[in-house]
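First comes the structure, then the notes that go with it.
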Amino acid sequence: MNRPSLLIFISTLFSVVLLNGCASTVNVAPRLSEQSNVNQQEGILLARVVNATSYKLPFNQLFIAPKEVNASKEVKTVLAYAEDRPVGGASVFAVSLKPGEYSISSVRSFIFRGEFYFSRGTGSDPEFGTFKVEAGKVTDLGTMVYYPKPLDDRYTDILVRVPETAQGTILENYFPNLAEQHQDVLTWDADERDEQRFLMYASIAQNPIDFTDIIAAPDGSIYMLSKLGVILRYDTNNGFETLAVDTDLSLSSFAQNQSGDRLVGGHEGALFYQPANGEWHAIQIPAKASVHHVGFYQENQFDVVYSEEEQVVVARFDKQNLSQPQTINQYNYVDEWANAEPQEVPKNRAASSSKRKPRRIDSVWLSDAGAQKRINVSSYIDGQWSAFESGKIETYSYNPDTWKMGPADEETQMDVILDAGAMTLGIEQAGFWSWSGTPTYYVRASDNDQWQKLDPRVRYCKDGSEIRGGVQCFEGRKPTKPQSDRFSFLSSPWFWDAQNGLAIVSFSDYSFWSGQRSTETKILITDNGGQNWKVSELTLPKEYCTTIIGQVKSRILLSCDGATTDFYESTDHGQSWQHIRQQQAF
């Protein structure tokens, strides 16, 4: 038994025991990706599940109930596994199934990591719907959305199916060779509830609780991208505006130019252009492509960086002819970049391309290292994608006019750079030999300034007196070492000038005797650029609202990211909070 099959077997055993108390109550449906030919006596079942939560692990199990499952012990629930790698928070299920009448029982995320497993899921309601599978035909269930509906200070997990999304596109996009052989597409049995389903879906889309990215536009407004085609726009004068793109795909990259033209890209071929004061237009790119970057180039052109399977493409579009982009560079792991300087191979990776084996692209992102523009490519060996570990990362410098690649400077640079109000935050991830295993944080006021390390501890004297010079306590005239408590940042700190700022942090305490760990959330303040921190008396409007939107500089914009779609803002450095966007009741 090979490793993937063994993991599926163990996962099936554990998940079924958890759900039913018995490991013999399900049949596992074979995935299309594991079959060279589909049994002509069976049908094909397709479904797409969107994870609209802040839970980062993919939903990889779909439980399917035959009509007579409760009438006979011989009839068993069917377990379908998703394709190996989720795309933009969406999991694709494609299996062969015996003919019959079925319903969806539940959807679940069940992931192993070493000796531990992570599990989350929800069942469908009795009115979710039924469908038929017929031999030699395709049954496309379209898109289903997994969403945690907030209720006071708790939430209820719900599963909603999206009407009019079952059109056979999953088969066309993921299994084109089978699409030519299966022209008859079935879907859900008709009922009278599609209007209610669409209203529920629209409410979910308009109340995102998790954002894929947050971008500051040239006019100072902030755009927050979600997984269901909705964009929240915020500016300090007008508050929030909801923008909708006609898609249920996950959006992950955005750009706006000085004229007000907009671009947005995402996963599963999502790419849209909107001229100033105009409508959104879909731009055709490969259906399985993931867009990692969009940006305007000069007045009438824009650049798009996307990946598909083993390839990265840099394409330049003309606004007057969106159907014929120019490919100005492309990458695969074996050959690297097509348009590159002669000595583009980094010194620490001088192996010849003949020894490099094909790898699939996981993610691509752009970064700045001083004046140098960088592009980073993460890849993995086919069949070895991990929900917990990043792939192999290669970094190159590039010319933003030509996208010609060169070697990246070898000096140490920040792994992540974020806005933090009036300051810029740099994050250096922990290396293999790190003692603490935690990132190191730095700030600077401008690109010309040196990075200053933030202290991840609150330091204090036993008697409550001030620490002199930031480093010493005194007992009489005798200097003593201050005590300290380490904390973790819950979001980017926020500075209103180069010296003064605050941070929302978590203190953790572990009891050796009880084995219990407790955490406490506090707001810290600093008056010396994060070199020292003090615990303040400031409080949060809600204990679960802890994410500061660092791109806003004139006030604190606070998100309840991961819990609700509520936002608060403070114009007096956290002394008071105004509730400026509220989760809709639905």
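The values are calculated or read from the model by the stated rules, or taken from the named source; none is laboratory data. All figures in this text were calculated on a predicted structure; none of them were measured in a lab. Virtual Cβ from ideal backbone geometry, glycine too; neighbours counted across all protein chains shown. Side chains included, ligands, DNA and RNA excluded: accessible areas come from the protein's heavy atoms. Shrake-Rupley method; radii C 1.70, N 1.55, O 1.52, S 1.80 Å.
On C-alpha positions alone, give me the angle between the axis of helix 194-205 and the longest principal axis of the chain, in degrees, nearest 10.
The two axes meet at around 20 degrees.
Assuming a viscosity of 1.567 mPa s and a temperature of 4 °C, what translational diffusion coefficient in µm² per second does Stokes-Einstein assign to region 144-235, Rh being the Kirkwood radius over Cα pairs?
In µm²/s, the coefficient rounds to 80.
Taking every alpha carbon pair in the chain, what does the distance histogram look like in 20 angstrom bins from 0, in percent?
Whole-percent P(r) values from 0 Å outward: 17, 49, 30, 4, 0.
How much of the DSSP beta bridge set in the chain is antiparallel, as a percent to the nearest 5?
Antiparallel: roughly 90 percent of the beta bridges in the chain.
Only Cα pairs under 8 Å and at least 6 apart count here; give the relative contact order of the chain as a rounded whole percent.
7 percent
Just the accessible area for W188, please: 1.4 Å probe, Å², rounded to the nearest 10?
Number for this one is 30 Å².
Mind checking the full-extension length gain between E180 and S36? Use 0.36 nm per residue of separation minus the Cα-Cα distance, one decimal, nm.
Difference between extended and current length: 50.4 nm.
For an R0 of 22 angstrom, estimate the FRET efficiency from the Cβ-Cβ distance between Q516 and I467 and round to the nearest 0.05.
0.10
Loop only by DSSP, 10 or fewer other Cβ within 10 Å of the Cβ. Give me the GluC sites (Glu not before Pro) in region 378-419 that pass, ordered by residue number.
E389, E410, E411
On a 26 Å Cα-Cα criterion, which of the cross-link pairs K56/K149; K149/K288; K319/K404; K98/K227; K56/K288; K149/K534 come out too long?
Violating the 26 Å limit, Cα to Cα: K149/K288; K98/K227; K149/K534.
Mind giving me the FRET efficiency for W496 and L322? R0 is 60 Å, r the Cβ-Cβ distance, nearest 0.05 is fine.
Taking R0 as 60 Å, the efficiency between W496 and L322 is 0.90.
Tell me the GluC sites (Glu not before Pro) within region 184-271 that lie in a loop according to DSSP and have at most 10 other beta-carbon atoms within 10 Å.
E192
So if we plug the beta-carbon distance of R374 and Q284 into 1/(1 + (r/R0)^6) with R0 = 22 Å, what FRET efficiency do we get, rounded to 0.05?
That pair, R374 with Q284, gives E of 0.15.
What number comes out for accessible area per residue over the chain if the probe is 1.4 Å? Units Å², please.
52 Å²
Find how much the distance from D509 to E537 grows on full extension, using 0.36 nm per residue of separation minus their present alpha carbon separation; answer in nm with one decimal.
8.0 nm
Using +1 on the beta carbon of Lys and Arg, -1 on that of Asp and Glu, and nothing else charged, what's the dipole of the chain about the Cα centre, debye to 20?
For the chain, the charge dipole is close to 1800 debye.
Counting helices only, and only those DSSP H runs with n ≥ 4, report the 222 nm mean residue ellipticity of the chain as the sum of -39,500 (n - 2.57) divided by its residues, in deg cm²/dmol to the nearest 500.
Computed ellipticity for the chain at 222 nm equals -2000 deg cm²/dmol.
Roughly speaking, to the nearest percent, how much of the chain's 1.4 Å accessible area is carbon and sulfur?
Whole-percent figure for carbon plus sulfur exposure: 46.
Using the Cα centre of the chain as origin and beta-carbon charges of +1 (Lys, Arg) and -1 (Asp, Glu), tell me which of M414, L32, H281 is placed farthest towards the positive end of the dipole.
M414
Rounded to the nearest 10 degrees, what's the angle between the helix 3-20 long axis and the longest principal axis of the chain, both from Cα atoms, 0 to 90?
Approximately 90 degrees, to the nearest 10.
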